[in-house]
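Following this message is one structure expressed as structure tokens.
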Amino acid sequence: MKKLATLCMIMALVAITAHSALAGDTLADVKKKGVLVVGCKDSLAPFGYIDEKTRQIVGYDIDFVNAIAKKLGVKVELKPVTSATRMPQLQEGHIDIIAATMTKNAERAKVIDFSHTYFFTGQKFITKKGGVKSLKDLEGKKIGTAKGSTSEQNVKKAIPSANVLSFDDYPPAFLALQQGKVAAVTTDEAILAGILGKAPKNIRGKYEIPNVQISDEPYGLGMRKDDKNFVDFVNKTLLEMEKSGEAKKIFDKWFGPKSEAPLKRSFKITADK
Ligand code: GLU
């Protein structure tokens, strides 16, 4: 009996040690292994998508983690995640950081920690041209979005009578719109603009993003809870990037006037209050 109790105690200690290593020491761990494993999107231009020529995942989110890895002197390994899988992937230790169009909110902050805001957008809709002037026009309609996203909840709140269909990702939701299976697709405006920007001209011309906004979406890089050294390092790097102009340069590269989805930079990276 005594032996069993000792064994149980040892096992519990091993579990606690393993857990705290996972939760608390990502900065040291990444330096030791020489690689930062990043959970990113791989089909959402301009945040994370596969470049047709190089076949590499590129985008706004990727440039930020590249800068963080460079400062750490380590390589980057990109692992595609979806809106629904990104938090479990982080918690289970399969990735070190989430850089995947992720909105910071109180509910998620109970489970993971977020960096300072490094992008800011709001949720709107893609609809057929001329069809939607206000939320009223979407009442009782089928609306597509992605599983595990804030848009799922926001659209239900904004239009309680809507029938929300959740897809694995936004490109299949846009396909459903083209096939007439949904009346609109909703998510962050910057993502919607990226989807339309990448669509062939003949398709793009049929759709629009009406000026109907249902939420604000500040993006944060996601890290495990109580991983203070890592969170501090990432935040310090983001603030330095803002100060040096590198953050704005990355914004202009992906959202500047010559980009496929031009946007105004309505934010600056500052320390969270
Ligand atoms: N930013 C929103 C979210 O974190 C929508 C985009 C996404 O699904 O990643 O849920």
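Normalised by the empirical 2.2 N^0.38 Å for globular proteins, what value does the Cα Rg of the chain take?
So the Cα radius of gyration is 1.10 times the expected 2.2 N^0.38 Å.
Just round it to a whole percent: the fraction of Cα-Cα distances in the range 50-193 exceeding 19 Å.
Counting every Cα pair in the range 50-193, those more than 19 Å apart make up 58 percent.
Post the alpha-carbon centroid distance, the range 197-211 to the range 116-149, in whole angstrom.
14
Suppose R0 equals 22 Å. What FRET efficiency, 1/(1 + (r/R0)^6) with r the Cβ-Cβ distance, do Lys53 and Asp168 give to the nearest 0.05?
That gives a FRET efficiency of 0.25.
Counting only Cα, what are the radius of gyration and maximum Cα-Cα distance Dmax of the range 81-146, in Å?
Over the range 81-146's Cα set, Rg and Dmax evaluate to 16.1, 46 Å.
On to the next question. I'd like the orientation of helix 60-72 relative to the chain: the angle between its Cα long axis and the longest Cα principal axis, in ° from 0 to 90, rounded to 10.
20
Can you pull a Stokes-Einstein diffusion coefficient for the range 113-205 at 37 °C (0.692 mPa s), Rh from Kirkwood over Cα pairs, as a whole number of µm²/s?
241
Between Pro80, Gln153, Ile209, whose Cα lies farthest towards the positive end of the dipole of the chain when Lys and Arg beta carbons carry +1 and Asp and Glu beta carbons carry -1, centred on the Cα centre?
The residue sitting farthest along the positive end of the dipole is Ile209.
What is the sum of charges, Lys and Arg at +1 and Asp and Glu at -1, for the other residues whose Cβ falls under 10 Å from the Cβ of Tyr170?
-2
How big is the dipole moment of the chain about its Cα centre under a simple scheme where the beta carbon of each Lys and Arg is +1, that of each Asp and Glu is -1, and everything else is neutral? Debye, nearest 20, please.
It works out to roughly 340 debye.
Another question, if that's okay. For the range 185-240, report the translational diffusion coefficient in µm²/s to the nearest whole number, using Stokes-Einstein at 25 °C, 0.890 mPa s, and a Kirkwood Rh over Cα pairs.
Answer, rounded: 169 µm²/s.
I've got another one for you. Per-residue counts of other Cβ atoms within 10 Å, averaged by peptide: what ranking do you get for 184-191, 36-43, highest first?
The packing order, highest mean first, is 184-191, 36-43.
From the helices alone, meaning DSSP H stretches of at least four residues, give me the mean residue ellipticity at 222 nm for the chain, per-run term -39500 (n - 2.57), in deg cm²/dmol to the nearest 500.
When only DSSP H runs of four or more count, the value is -12500 deg cm²/dmol.
What is the sum of charges around Phe119, taking Lys and Arg as +1, Asp and Glu as -1, for the other residues whose C-beta is under 15 Å from the C-beta of Phe119?
Neighbourhood net charge equals -2.
In addition: Mind checking the per residue accessible area of the chain for me, 1.4 Å probe, whole number of Å²?
Value for the chain: 51 Å² per residue.
Taking 0.36 nm per residue of separation and subtracting the Cα-Cα distance, what length does fully extending Lys129 through Arg204 add?
Net length gain for the segment: 26.0 nm.
Sort 62-68, 138-144 for me by packing, meaning the mean count of neighbouring Cβ atoms within 10 Å per residue, highest on top.
Highest mean packing first, the order is 62-68, 138-144.
Listed highest first by mean packing, meaning other Cβ atoms within 10 Å per residue, what order do 105-111, 90-96 come in?
Descending packing order for the listed peptides: 90-96, 105-111.
Lys and Arg at +1, Asp and Glu at -1: add these up for the other residues within a Cβ distance under 12 Å of Leu90 and post the number.
Result for the local shell: +1.
Past 20 Å, Cα to Cα, is the threshold; run Lys110/Lys248; Lys129/Lys201; Lys70/Lys243 against it and keep the listed order.
Result: Lys110/Lys248 exceed 20 Å.
Name the aspartates and glutamates eligible as straight-distance cross-link partners of Lys33: C-alpha to C-alpha under 15 Å, and not fewer than 8 places from it in the same chain.
Correct list for Lys33: Asp25, Glu77, Asp96.
Against the longest alpha carbon principal axis of the chain, how many degrees, from 0 to 90 and to the nearest 10, is the axis of helix 228-244 turned?
Roughly 50 degrees between the two axes.
Under the rule of at least 5 residues apart or a separate chain, name every residue whose amide H is placed under 5 Å from the amide H of Leu44.
Correct list: Tyr49.
Past 22 Å, Cα to Cα: identify those pairs from Lys71/Lys264; Lys75/Lys268; Lys236/Lys268; Lys128/Lys198; Lys41/Lys141; Lys104/Lys253, in the order given.
Lys71/Lys264; Lys75/Lys268; Lys41/Lys141; Lys104/Lys253
The values are calculated or read from the model by the stated rules, or taken from the named source; none is laboratory data. Values in this document were obtained by computation on a predicted structure and should not be read as measured data. Positions of Cβ are backbone-derived with ideal geometry, glycine not excepted, and every protein chain shown enters the neighbour counts. Just the protein is used for accessible areas: all its heavy atoms, side chains included, with ligands, DNA and RNA removed. Shrake-Rupley method; radii C 1.70, N 1.55, O 1.52, S 1.80 Å.
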